[in-house]
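Here's the structure, in structure tokens; my notes come after.
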Amino acid sequence: MAISSFKFVIRPNTCKEKSMKPLLIWICITAYLECFGIKMSAKTETVTISIQQELKETETPKPISWVVVPDESGRSLLILQGGKVLVIPSSLKDSQVRTFMELAPEEMIIKDFEEGLLGLVFHPNYKSNGLFYLYYTMQRPKRSVLVERRVKNQKKMELDLKHDRTLIEIEQPYWNHNSGVPEFGPDGYLYLSTGDGGKANDPHDFSQNTFSLLGKVLRIDVDKAEGALGYGIPEDNPFKNKPGYRGEIWTIGMRNPWRLHWDIQSNTLFCADVGQHQKEEINLIQKGGNYGWSFREGTEAFSLKNRKPSGEIEFIDPVFEYGHDEGTSVSGGIVYRGAKHPELYGHYIFGDWGTGKCWAIEVKNNRTVSKKYIEFMLDGEVINDLPKFVNGKPESPFKPVNFCMSAENELVLLDWQGMIYFTN
């Protein structure tokens, strides 16, 4: 039946309050159109935030993460993909920046697009034990490693050169999809995301392979050693002692998770997972969950691989996804808990590395209830405006690789092209 065959009438006297008439009309028209599968939605709100570039006189090529030193000093560490870690004073003065440690890039990197030093996290008891953890790639053989190091003099922030303990080594068949950024949860255990091994289409089906640590989120106890392992496996891990499963596995079906983030206040673990050709996704990580790759990409079946589950598998949907008309490679992401931008408080903030487009989503009861676009303005100009596409690929002056928190819980933006931005 054609839409034109309906006569739709709204009687003004059905609503005595004039202020309610526009709302009533909107509700009626929306309900009418949705009968035919036509949805009406309000325009997404855009928030404009002014930023300024810091550390202009310091060379910061390919910044990966900004981590606050948990000692109330206000200092932070800036992690560079090439292997260098810089100590940044609370004043952000370039003259006071110094090198904390440096890994040999020739031992880590053949292709610097996704290999190198990818993450650093401090132990929850850092003040008493001085421990921190690095996640990076190594060559010959190609692998990813999680290593424990120690600060011997916390006041001076001096590295203990003798303490170097490897916890995990994961063989990598290819150079890409190395993931990174380990995180400690409120339970004191370390969570580590891993990519599917690289190349395209998950050629070895690692993500759904429960004997493999690739394409997973892992959960380990760094304070214990179990058998030949350099770490312990918590007793409540979902697959511990289950035949056919590695006990370290917390979740299955990841492609290339580009950072985990624990929002301690809401006890929620966020994970941004980079897609291939269809969808970029934000997931809420749940114990024992299966997030679908490479049976599917986002909420859609993965069309480039003729693969179906052998049995019934309950996949967990992303809490947010977007297509490649809006971006090409998602970069997570933090839940903002600062004071400068109350309109973003409690929102998960993330962006797209390819287009520079940025979002803030509010998540309640495991679903996204609102989204905002974020424009970042530098010297009066928006740096992440609509991108230009050249030969089908986006070109953007802003390539957000990570969204981090300062010592004051304010937003720090890392641009992979070498810029560090703070919000005003």
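The values are calculated or read from the model by the stated rules, or taken from the named source; none is laboratory data. No experiment lies behind these values; they were computed from the predicted model shown. We place every Cβ from the backbone using ideal geometry, glycine too, and count neighbours over all the protein chains shown. In case anyone asks, the SASA skips ligands and DNA or RNA and just uses the protein heavy atoms, side chains included. Shrake-Rupley method; radii C 1.70, N 1.55, O 1.52, S 1.80 Å.
Dipole magnitude of the stretch 233-380 about its Cα centre, charges +1 at Lys/Arg Cβ and -1 at Asp/Glu Cβ only, in debye to the nearest 20? Write down the numbers at each step before the final one.
Working: 18 positive and 20 negative charges, 77 e Å.
The dipole of the stretch 233-380 has a size of about 380 debye.
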TODO: Select from L284, L161, L413 the residue whose mean-square fluctuation is largest in a Gaussian network model of the chain (Cα-Cα springs shorter than 10 Å).
DONE: L161
Open item on the list: Per DSSP helix of 4 or more residues, -39500 (n - 2.57); summed, then divided by the residues of the chain. What does that give at 222 nm, rounded to the nearest 500?
Closed with: -1500 deg cm²/dmol
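Using only alpha carbon pairs under 8 Å that are at least six residues apart, calculate the relative contact order of the chain and give it in whole percent.
Numbers: 1026 pairs, mean separation 56.6, N = 424.
It rounds to 13 percent for the chain.
Near S90, within a Cβ-to-Cβ distance under 15 Å, what is the net charge of the other residues, with Lys and Arg +1 and Asp and Glu -1? Show your work: numbers first, answer last.
Numbers: positive: R75, K93, R98, K155; negative: E54, D71, E72, D94, E408, E410.
Here the charged neighbours net out to -2.
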- [ ] Once you have a ≥ b ≥ c as the square roots of the Cα gyration tensor eigenvalues for the stretch 203-325, tell me rounded if a/c is under 1.5, and otherwise prolate or oblate according to whether a/b is larger than b/c.
- [x] oblate
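List the chymotrypsin sites (Phe, Trp or Tyr not before Pro) within the stretch 165-243 that fall in a DSSP loop (any state other than H, G, I, E or B) and whose Cβ has at most 14 other Cβ atoms within 10 Å. Kindly include the intermediate steps, with their values, before the conclusion.
Values: sites: Y174, W175, F184, Y189, Y191, F206, F211, Y231, F239; in loops: Y174, W175, Y189, F206, F211, Y231, F239.
Taking the stretch 165-243 and a limit of 14 other Cβ atoms within 10 Å, the loop chymotrypsin sites (Phe, Trp or Tyr not before Pro) found are F211.
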Open item on the list: Nothing charged except the Cβ atoms of Lys and Arg (+1) and of Asp and Glu (-1): what's the magnitude of the dipole of the chain about its Cα centre? Round to the nearest 20 debye.
Closed with: 740
TODO: May I ask for the angle, rounded to the nearest 10°, between helix 21-34 and the longest principal axis of the chain, with both axes built from Cα atoms and the value confined to 0 to 90°?
DONE: 80
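Specify whether the C-alpha gyration tensor of the stretch 123-191 places it in the rounded, prolate or oblate class, a ≥ b ≥ c being the square roots of the eigenvalues: rounded for a/c under 1.5, otherwise prolate if a/b is larger than b/c and oblate if not. Walk me through the numbers before you get to the answer.
Working: a/c = 2.86, a/b = 1.62, b/c = 1.77.
Here the stretch 123-191 falls in the oblate category.
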Task: Residue among S294, S406, T99 farthest towards the positive dipole end of the chain, charges placed on Cβ - done: S294
Task: Extreme residue, positive dipole direction of the chain, given options S370, S76, P89 (C-beta unit charges) - done: S370
Task: Cα gyration tensor shape for the stretch 320-359, rounded if a/c is under 1.5, else prolate or oblate - done: prolate
Task: Share antiparallel - DSSP beta bridges, the stretch 221-361, percent rounded to 5 - done: 95
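Quote the relative contact order of the stretch 236-300 in percent (integer), defining contacts as alpha-carbon pairs under 8 Å separated by 6+ residues. Present the calculation step by step, with values, prior to reporting the outcome.
On the way: 112 pairs, mean separation 19.9, N = 65.
Here the relative contact order equals 31 percent.
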Open item on the list: Tell me the per residue accessible area of the chain using a 1.4 Å probe; a whole number in Å² is fine.
Closed with: 48
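Return the carbon/sulfur percentage of the accessible area of the chain, one whole number, probe 1.4 Å, all protein chains in place. If you can, show how the numbers build up before the last one.
On the way: 10110 of 20230 Å².
Of all accessible area on the chain, carbon and sulfur atoms account for 50 percent.
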- [ ] List the longest stretch of the chain that has no exposed loop site; here a site is one of the trypsin sites (Lys or Arg not before Pro) assigned by DSSP to anything other than H, G, I, E or B, with at most 10 other Cβ within 10 Å.
- [x] 157-424
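When only C-alpha pairs under 8 Å and at least 6 residues apart count, what is the relative contact order of the stretch 126-187, in percent? Mind dumping the intermediate values first?
Details: 92 pairs, mean separation 18.9, N = 62.
Value for the stretch 126-187: 30 percent.
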- [ ] Could you size up the charge dipole of the stretch 141-261 around its Cα centre, putting +1 on the beta carbon of Lys and Arg and -1 on that of Asp and Glu, and report it in debye to the nearest 20?
- [x] 380
Task: For V68, distant residues with modelled amide H under 5 Å away - done: L77
